[in-house]
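Quick notes on the structure that follows.
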Amino acid sequence: GGGGGGGGVEGFVFGELLNGSHSAMSYVSYLAGHRTVALAMADPKVLGFVATFLDEVLPTVIQAPGVDLGAYRNKLLDRFSNPHIEDTLLRLAEDGSQKLQTTMRPVLLDHFSAHNEFPAMATAIGGWIRFMTGIDEAGDSILGIKDPAGGERLKELAIGVVADPNEVTVGLLLHEYFGEEVACHPAATKSIAQAVRDINDRGMVHVLQGFSGKR
């Protein structure tokens with residue numbers, strides 16, 4: 001097909017980026033004490049996290065000439081920060097075992113080959129793992145987790161990672177949900193194990209503090 005405006009590929013990519021970022025922020029925001037998208041995005045720490053996440057993802061996703069990445073990213077952030085979004089974080093957190101693989105695996109593979117770091121994505125995946133144990137940071141059950149494809153197996157592997165975050169436990173979980181190429185790459189296993197250790201040791205609010213103020 002020819003060139004043209006905002007539909008087609010760009011529209012599709014916009015949707016993918018929105019979905020990937022929604023998934024990424026749902027776990028970290030929930031663990032940081034938020035329950036709705038609107039309240040999470042009003043938190044400068046979460047906004048900074050999403051902005052950093054988009055900066056890691058955008059260059060790997062859009063390589064079309066003539067697309068202004070900065071403007072695109074700001075459009076996405078504005079869409080997110082709409083206070084009228086009624087979505088709960090629990091709804092966005094559904095089916096992570098499939099959504100994360102679709103939206104994050106290709107980005108990780110790109111980062112490996114470019115030798116880039118990806119702190120926001122590592123934090124997102126660490127947050128997902130912590131969330132999927134079914135227990136929040138206050139020790140309360142997270143009610144309403146829906147991920148039938150991940151099921152008990154995912155919960156089991158997540159509990160294993162959180163109990164002892166290291167390259168082996170993380171590799172086992174990644175193997176199952178991100179495939180062998182990601183699971184055997186030390187850049188992934190090391191950074192995600194470190195992210196889970198940070199979340200365990202300092203709590204998600206403090207981890208997100210590192211992203212605060214970025215826009």
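The values are calculated or read from the model by the stated rules, or taken from the named source; none is laboratory data. Keep in mind it's a predicted model, so treat the numbers as computed, not measured. Virtual Cβ from ideal backbone geometry, glycine too; neighbours counted across all protein chains shown. Please note that ligands, DNA and RNA were not included when accessible areas were found on the heavy atoms of the full protein model with its side chains. Shrake-Rupley method; radii C 1.70, N 1.55, O 1.52, S 1.80 Å.
What percent does the relative contact order of the chain come to when contacts are Cα pairs within less than 8 Å and at least six residues apart?
Values: 270 pairs, mean separation 61.2, N = 215.
Over the chain, the number comes to 28 percent.
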What's the tally of Lys pairs in the stretch 50-197 whose alpha-carbon atoms lie under 25 angstrom apart, where the two lysines are 8 or more places apart or on different chains?
6
Provide the per-residue ³J(HN,Hα) series for the stretch 172-182, in order, calculated from phi with Karplus coefficients 6.51, -1.76, 1.60 and θ = phi - 60°, each as a whole number of Hz, with x at glycine and proline positions.
4, 5, 4, 4, 6, 10, 10, x, 5, 4, 7
Run the simple label-point estimate for ASP95 and ILE159 please: 7 Å along Cα→C-beta, distance reported in nm.
2.6 nm
About its Cα centre, what dipole magnitude does the chain give when the only charges are +1 on Lys and Arg Cβ and -1 on Asp and Glu Cβ, stated in debye to the nearest 20?
380 debye
Sorted from largest down, give the three principal axis spans of the alpha carbons of the stretch 94-173, whole angstrom values.
40, 24, 21
Quick check on packing: order 176-184, 147-155, 24-32 by the mean number of other C-beta atoms within 10 Å, highest mean leading.
24-32, 176-184, 147-155
Please list 94-101, 188-195 highest first by mean number of surrounding beta-carbon atoms within 10 Å per residue.
188-195, 94-101
Can you pull the percent of the chain's accessible area that's carbon plus sulfur, 1.4 Å probe, other chains left in place?
54 percent
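Run the dipole for the stretch 101-215 about the Cα centre, Lys and Arg Cβ at +1, Asp and Glu Cβ at -1, nothing else charged, and hand back the magnitude in debye, nearest 20.
Roughly 340 debye, rounded to the nearest 20.
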Over the stretch 4-119, calculate the relative contact order: mean separation of alpha carbon pairs under 8 Å at least 6 apart, over the residue count, as a percent.
39 percent
By per-residue mean of other Cβ atoms within 10 Å, what is the highest-first order of 204-210, 77-83, 135-141?
204-210, 77-83, 135-141
What's the center-to-center distance, using Cα atoms, between the stretch 118-150 and the stretch 29-104 in Å?
16 Å
Computed, not fitted: 222 nm per-residue ellipticity of the chain from DSSP H runs ≥ 4 (each -39500 (n - 2.57)), nearest 500, equal to -21500 deg cm²/dmol
For the chain, the per residue accessible area (1.4 Å probe, Å²) is 46 Å²
Quote the FRET efficiency, to the nearest 0.05, computed for ILE142 versus ASP78 with a Förster distance R0 of 35 Å and r equal to the Cβ-Cβ distance.
0.75
How high is the relative contact order of the stretch 97-215, given as a whole-number percent (alpha carbon pairs under 8 Å, six or more residues apart)?
29 percent
Could you tell me whether the stretch 142-208 comes out rounded, prolate or oblate from its Cα gyration tensor? Rule is a ≥ b ≥ c as square roots of the eigenvalues, rounded for a/c under 1.5, then prolate if a/b exceeds b/c, otherwise oblate.
oblate
Spelling out what I want: for every residue of the stretch 20-28, take phi, set θ = phi - 60°, compute 6.51 cos²θ - 1.76 cosθ + 1.60 (Karplus), and round to whole Hz; glycine and proline get x.
x, 6, 4, 4, 4, 7, 5, 6, 5
